[in-house]
1. State whether one or more residues within the range 40-53 are surrounded by 19 or more Cβ atoms within 10 Å (Cβ to Cβ), in the same structural domain as PRO205 (by TED's automatic domain parsing), more than 19 Å from GLY207 (Cα to Cα) and of a type in the set (A, V, I, L, M).
2. Name the strands (runs of 3 or more DSSP E) wholly inside the range 49-97 in which the number of residues that are of a type in the set (Val, Ile, Thr) is 2 or more.
3. Are there any pairs, at least 6 apart or on different chains, whose C-beta atoms fall under 8 Å, with the first in the range 117-140 and of a type in the set (Ser, Thr, Tyr) and the second buried (at least 17 other Cβ atoms within 10 Å of the Cβ), and if so, which?
4. Being outside any strand (DSSP E or B) and β-branched (Val, Ile, Thr) is the filter here; which residues of the range 185-224 pass it?
5. State whether one or more residues within the range 13-29 are modelled with pLDDT of 95 or more and either under 24 Å from GLN216 (Cα atoms) or over 25 Å from the mean Cα position of the chain (by Cα) (or both).
6. Can you pull out the residues in the range 170-219 that are farther than 22 Å from PHE108 by Cα, of a type in the set (D, E, K, R) and surrounded by 17 or more Cβ atoms within 10 Å (Cβ to Cβ)?
7. State which residue pairs qualify: first residue surrounded by fewer than 16 Cβ atoms within 10 Å (Cβ to Cβ) and inside the range 57-70, second residue assigned to a loop (DSSP other than H, G, I, E, B) and not small (Gly, Ala, Ser) in any location, beta carbons under 7 Å apart, and separation of 6 or more residues or different chains.
Amino acid sequence: MRAWCSSCRNAALLIASIVVIGTTPATADILIDDFSVADGGTWPVTLTAAGVVNLLEGPLDPVHVQGGYRATETDGTFDLPGIDAIDMTVSTTQELFNYAASVGADGFVSFLYDANNAGLALDVTGENRFQINVLDFDAANPTTEALVVRVTVSDGTNTASAETNITTVGDHLVNLPFAALVPEPGDGPVDLSSLDSIMLTADAPTGGDFRLADFQATPEPASLMLLGMGLLIWSRRR
């Protein structure tokens with residue numbers, strides 16, 4: 001009887017854990033850019049010599065681009081200017097940003113979302129991290145020349161950023177927790193309840209290729225954490 005009651009308690013505990021998981025309110029992702037819309041005359045872009053290129057697209061559908069505008073800045077260095085090249089495009093049919101460099105070219109591209117200087121006034125306090133879906137990264141020496149992915153945010157007063165290095169070829173779901181945001185020197189913490197701007201930067205290695213599928217702010221997977229906690233408690237009480 002005691003063993004049966006113990007089993008009942010274990011089962012009840014597990015069921016209670018599942019009920020808690022099922023009733024935990026879900027927080028929706030906040031899409032920043034899914035690269036499904038673009039200004040028709042902007043892309044593709046080819047760089048064959050050093051020099052900053054700035055592009056402004058908008059108004060775009062704010063369902064797909066946060067704030068309705070995408071400001072792109074890019075530059076590169078070339079072993080053989082005029083021969084080496086960096087090719088970039090936003091493919092609305094593939095819903096991807098594509099970046100491809102020849103063997104003697106390296107560069108960076110950044111995407112700024114600030115509603116064309118009007119400010120986003122975006123509240124991300126219900127989220128936990130920035131998530132960037134990087135596809136098909138390839139480079140000659142990725143372990144020594146990484147693809148650096150960085151997110152920079154500002155509330156109009158303070159600025160902070162977080163970054164990671166991708167050192168293996170292939171697909172990568174990059175997660176940059178808000179807790180990893182480091183304020184610029186002299187700045188305080190950024191007010192995540194009212195973001196003025198968000199910038200995504202990809203600094204590519206020599207001859208590097210990659211694609212971006214989407215960029216969003218997303219919550220912590222609380223349901224999985226609760227499930228793990230429930231199963232752990234249940235196993236310890238068996």
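1. No.
2. Qualifying strands (runs of 3 or more DSSP E): 70-78, 86-91.
3. Taking only residues 6 or more apart or on different chains, the pairs are THR125/LEU192.
4. Passing the criteria: VAL190, THR206.
5. yes
6. Scanning the range 170-219 gives a single hit, ASP196.
7. Matching pairs, first to second residue: PRO59/TYR69; ASP61/VAL37.
For (1) touching a Leu at 6+ places or on another chain (Cβ under 9 Å); (2) farther than 23 Å from ALA160 by Cβ, each residue gets a yes or a no:
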| residue | (1), (2) |
| --- | --- |
| GLY51 | no, yes |
| ASN54 | no, yes |
| ARG70 | yes, no |
| GLY76 | yes, yes |
| LEU80 | no, yes |
| THR92 | no, yes |
| PHE97 | yes, yes |
| GLY119 | yes, no |
| PHE130 | yes, no |
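The values are calculated or read from the model by the stated rules, or taken from the named source; none is laboratory data. Since the structure is predicted, the reported quantities are computational estimates derived from the model, not experimental observations. Cβ coordinates were reconstructed from backbone atoms using ideal geometry, including for glycine residues, and neighbour counts include every protein chain displayed.
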